[in-house]
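The values are calculated or read from the model by the stated rules, or taken from the named source; none is laboratory data. Since the structure is predicted, the reported quantities are computational estimates derived from the model, not experimental observations. Cβ coordinates were reconstructed from backbone atoms using ideal geometry, including for glycine residues, and neighbour counts include every protein chain displayed.
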Amino acid sequence: MGTYIPNTEKEQTEMLKKSGYKDFDDLFKVIPDGLKLNRELNLPLGKSEFEVSYIMEDLAGQNKVFHSIFRGAGAYDHYIPAIVKSVTSKEEFVTAYTPYQAEISQGILQSIFEYQTAICELTGMDVSNASVYDAGTAAAEAITMCKDRKRSTVLISEAANPYVRSVMETYCFGTDTPFKIIPEKDGKTDINTLKALLADDETIAGVYVQQPNFFGLFENLEDIADIAHEAGAKLISGVNPMALGIMKTPAECGADIAVGDAQPLGLALGFGGPFIGFMACTSKLMRNLPGRIVGQTTDDKGNRAFVLTLQAREQHIRREKAGSNICSNEAHCALTAGVYLAALGADGLAEVAKQCMSKAHYLKNKLSEAGFKPVYEGEFFHEFVTDCPEDAGSVLKKLKDHGILGGLPIEGNRILWCATEKNRKEDIDALCDLLVH
Amino acid sequence: MELIYEKGSKGRHLDILPVCDVEITEMPEAFKRNKPPALAEVSETEISRHFTKLAGRSYGVNDGFYPLGSCTMKYNPKVNEEAASLKGFTAIHPLQGDDSSAGCLKVMDMLSRNLCEICGMDEFSLQPAAGAHGELTGLLLIKAYLKDKGEIGRTKIIVPDSAHGTNPASAVMSGFTVVNVPSGEDGCVDIEALKDAVGDDTAGLMLTNPNTVGLFDKNIKEITDIIHEAGGLCYYDGANLNAIMGICRPGDMGFDVVHVNLHKTFSTPHGGGGPGAGPVGCKSFLADYMPGSTVGEISEGKLTLKRAPKSIGDMKSFHGNFLVAVKALAYILTLGRDGIVDSARNAVLNANYMRVALKDTFDMAYDETCMHEFVMDLGKFKDETGCAAIDIAKGLLDYGMHPPTMYFPLIVHEALMAEPTETEPREMLDLAVDNLKKLKTMAIEDPGRLHTAPHTTCIGRPDEVCAARNPVLKFVREEK
């Protein structure tokens, strides 16, 4: 069997004796016999490292690795520079716990502080936390930040990612938060209905809109911010951090809270996780921000030092009065995003964003020529929706047989396509050649 | 030390991408950002050295002893890391379809089945991303179930006063109110207090067993019976599962829903504060409410993702922290039914070995056989020497060891809670005991030195009050 127990059976026996126990049964006699399993677990015997390694490789081999991916919808295939993996696999980072002991955790604390700085720079917001689980949970936690005694309802745009909306709705079920959906019109959040919903109801605490939205389109976020604020509600903007290399920031648009997934910043697709939810807000909302926050201070000799701070917000101090239950977050993913952003720099990030956008537009034109007409008119970033001249399922199967993961089939025999900097012109051409009628 | 933003100079960068091979599309003016983000401008050399230095200012399980109570900082096996970095897992899109992700579904299926057997549950969801997230998930299952049964008057969750802060916080996020029940003198649930607390409004109970003081609550069946008779459900917080896996099971103790921490019991690394994973298991009567997608079999060996008919919805986008699940599966395969029991036994042995060796040095909060961890009570010691639990903890840093958990559980005031785990050799336990004894001597002979410890780390004690009063939460570049 495989084991990670260093002490030999002989040593174990000696330790038992030294501690005053005859054997393991004696040690475990505090557990009543009636509660014990009294049989072996119905699992196989332990295996050698060689066997386990073989099994895991076999399982990985049963998945199809596509050589080109044109699917996004919240999980994006970007190039990850080699330095990212090199840094993030350092075992001091991988195997550490939450940095409770600041004196031996300065490296991790500083990496989080640098991440918080980067998120503030990207979003334009004043304050960032150390991360939450993913885009969905970030958006869901943001709802609680908006609520007060008078305002408890949230409006969620139908044009936002359904995988994010679904998490928001689950959290609303938990906190008994009423929510209404702002319908989508021509692929964007319907502003007239938004106005009507806000006019109808004085209890609206927050409005959630995604930029660019699920269909890839740019929303008129500044107008939406004004409309929400006039009605006394806050604006939560979901945002793709990659787009922020070149796109107007949530802060510039007037958002109170910016949330999203930093997965595009150096994290693998990994069948959907671990990803990392980022949350940033105005300084006015700082004390409503959930999760860990790292702050700069000095040590007893006046050296720069970093600590977990503003902990009076958190569950381990406030228990049932805490705004959130979050404890473990995605610190190692924050490190990853931090290294990615350091590697790219502002110019590099802008270049990746620009290439994503350019390739998506090239793909749209080529697909259109192949008979896949765009459904919506508006300006878009790196995703867009087309009609499908034949059954979407069979089109996507054909692509799959050629090692290409096509766009995501969505309602009405439509396809949501995505392009990133990884999609070379020749791959886009090959894709479209397969689809030409 | 300098921040990455204080290194490099304008224009330094890495060459990552080729020149764009299609016509450039510019961001429309209306949506363009006004100025670029002030990110780092550094070379690859500088990045590599910067983070190598940061790594040197961090402390992981690989750096030394890490007896952080309640956190189960066991060794993180490398074969697990290797498995999780296989391209056949890392390059898989979460929405690429059942056929092309059959290996991922198999991983999810195998892990879920294994966890069911280990916990005595009928179904598992891998969607929750951490322990607290699992708690929230489990409580929402209870909420959905009660609502479905028309039991809307059941609004209260009972939590012992020794519980981790996430328990009451999760209860509130699930829309329940919290009823705190005091622990008995023995650190276990006070049965009479529990009987007084239950009623028609009881939705459920949240409990760990072994409990947060490291003791196995012998009355557990009576406790879960009291809750069930009152019409409530029982939630098992799996934070301390490492002590009992393969020996007894939450399902057999009367629990209806559990979460396990893959980043504790199942050896996946903590990453400096995540990603973890907090899969949730339940008895079959709750299975219809499970979140997200679980794996089902359509035909012999052919798996598919399915939604539970009355699902509470998604707790997280997609399928949970999948790559963490890969590591946990590799671990369970390695240990097998024999290794799992052996791990629990040695976790408990290592804790008792240290407890017995230390009981003449520090008062034990509960001087009896513990499970995987034990709590020292430094209350009297503080009165006698003026040195508190934090001073001993900081002193340990100078010996190159991570201290035990300080000031938890809250019911022991000067608590130091040590959990050595099964992956430590005897010599390390002996060394830790010696170091703690030396620190006691220092507290008596030279308390001043202990009050200002640590002396050998890269920084001394930080000013936390100042950090909270004048929050500096990001770097702001001074205009030149």
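Within segment B:367-382, can one find any residue that is of a type in the set (D, E, K, R), more than 22 Å from A:Gln101 (Cα to Cα) and away from chain A (no Cβ under 13 Å)? Scanning segment B:367-382, I find at least one residue that is of a type in the set (D, E, K, R), more than 22 Å from A:Gln101 (Cα to Cα) and away from chain A (no Cβ under 13 Å), so the answer is yes.
From the list A:Gly378, A:Gly348, A:Gly371, A:Gly323, the lone residue that is of a type outside the set (Phe, Trp, Tyr), farther than 23 Å from A:Met145 by Cα and facing another protein chain (nearest Cβ under 9 Å) is A:Gly348.
Tell me which residues, restricted to segment B:19-48, are part of a loop (DSSP other than H, G, I, E, B), more than 7 Å from chain A (Cβ to nearest Cβ) and either touching a residue at least 60 places away in the same chain (Cβ under 8 Å) or surrounded by 13 or more Cβ atoms within 10 Å (Cβ to Cβ) (or both).
B:Ser43
Among the residues of segment A:101-118, is any more than 7 Å from chain B (Cβ to nearest Cβ), touching a Pro at 6+ places or on another chain (Cβ under 9 Å) and surrounded by 20 or more Cβ atoms within 10 Å (Cβ to Cβ)? Within segment A:101-118 (the criterion being more than 7 Å from chain B (Cβ to nearest Cβ), touching a Pro at 6+ places or on another chain (Cβ under 9 Å) and surrounded by 20 or more Cβ atoms within 10 Å (Cβ to Cβ)), the answer is yes, since at least one residue qualifies.
Just wondering, is there one or more residues in segment B:95-107 that are in contact (Cβ under 8 Å) with a residue 40 or more places away in the chain, at the interface with another protein chain (Cβ under 7 Å from one of its Cβ atoms) and of a type in the set (D, E, K, R)?
yes
Residues being aliphatic (A, V, I, L, M) and touching a Pro at 6+ places or on another chain (Cβ under 9 Å) are represented in segment B:12-27 by at least one member. Quick check, is B:Phe266 closer than 21 Å to B:His93 by Cα and out of contact with any strand residue (DSSP E or B) (no Cβ under 6 Å at 6 or more places or on another chain)? Here the answer is no, as B:Phe266 does not meet what is asked.
If we keep just the residues of segment A:261-316 that are assigned to a helix (DSSP H, G or I) and in contact with an Asp or Glu (Cβ under 9 Å, 6 or more places away or on another chain), which is nearest to the other protein chains (Cβ to nearest Cβ)? Checking each candidate, the answer is A:Gly272. With respect to B:Thr457, determine if the residue is out of contact with any Phe, Trp or Tyr (no Cβ under 7 Å at 6 or more places or on another chain), crowded, with 18+ Cβ neighbours inside 10 Å, on the phi > 0 side of the Ramachandran plot and not assigned by TED's automatic domain parsing to the domain that holds B:Asp186. Spelling it out, it is not the case that B:Thr457 is out of contact with any Phe, Trp or Tyr (no Cβ under 7 Å at 6 or more places or on another chain), crowded, with 18+ Cβ neighbours inside 10 Å, on the phi > 0 side of the Ramachandran plot and not assigned by TED's automatic domain parsing to the domain that holds B:Asp186.
Highlighted here are the strands (runs of 3 or more DSSP E) found entirely within segment B:182-299 that include at least 1 residues which are modelled with pLDDT under 95 and touching an Asp or Glu at 6+ places or on another chain (Cβ under 9 Å): B:293-299. The residue that is surrounded by the fewest Cβ atoms within 10 Å (Cβ to Cβ), among those in segment B:332-360 that are part of a helix (DSSP H, G or I) and among the basic types (Lys, Arg), is B:Arg337. Only one entry in B:Lys394, B:Lys382 is surrounded by 24 or more Cβ atoms within 10 Å (Cβ to Cβ), among the charged types (D, E, K, R) and at pLDDT 95 or above, namely B:Lys394. Within segment A:52-85, being more than 7 Å from chain B (Cβ to nearest Cβ) and within 19 Å of B:Met110 (Cβ to Cβ) holds for A:Tyr54, A:Asp58. Got at least one residue in segment B:126-139 being acidic (Asp, Glu) and either surrounded by 21 or more Cβ atoms within 10 Å (Cβ to Cβ) or within 20 Å of the chain's Cα centre (by Cα) (or both)? Yes, segment B:126-139 has at least one match.
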